[in-house]
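Notes to accompany the following structure.
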Amino acid sequence: MQDGMIHEGAPGFEDFIEEEMAGLGHRAQQRGLCVDCLTDRFIVEMVANLARSGVSSSDILSMVVDGLVLAEEEEPQERVGRVHRMH
């Protein structure tokens, strides 16, 4: 299947992504996996797959920066205690 379109902003794209991500998190929690560990693993797998498919390091880093910018635009959530990652 060829994919020559930019899907961001397409009708239903954001809804699909939100539903799938929520479903993935829910299924992980049902199996006793924490969402932080799932997220960390997801990031590593995505970066590895992007690199394997020939996406340049600068493009990958640009995506990371975009994600950081999006995180800063959202309202900060109060964190209690230390954040545990990949335990």
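The values are calculated or read from the model by the stated rules, or taken from the named source; none is laboratory data. Quick caveat: nothing in here was measured; it's all calculated off a predicted structure. No Cβ is skipped: glycine too gets one built from the backbone with ideal geometry, and neighbour counts run over all protein chains shown. With ligands, DNA and RNA removed, areas are computed over all heavy atoms of the protein, side chains included. Shrake-Rupley method; radii C 1.70, N 1.55, O 1.52, S 1.80 Å.
Projected over every direction and averaged, the convex hull enclosing the alpha-carbon atoms of the stretch 13-71 yields 4.7 nm².
Averaged per residue, the stretch 13-71 has 77 square angstrom of accessible surface, using a 1.4 angstrom probe with ligands and nucleic acids left out.
Placing +1 on the Cβ of every Lys and Arg and -1 on the Cβ of every Asp and Glu, with nothing else charged, gives the stretch 13-71 a dipole about its Cα centre of roughly 360 debye.
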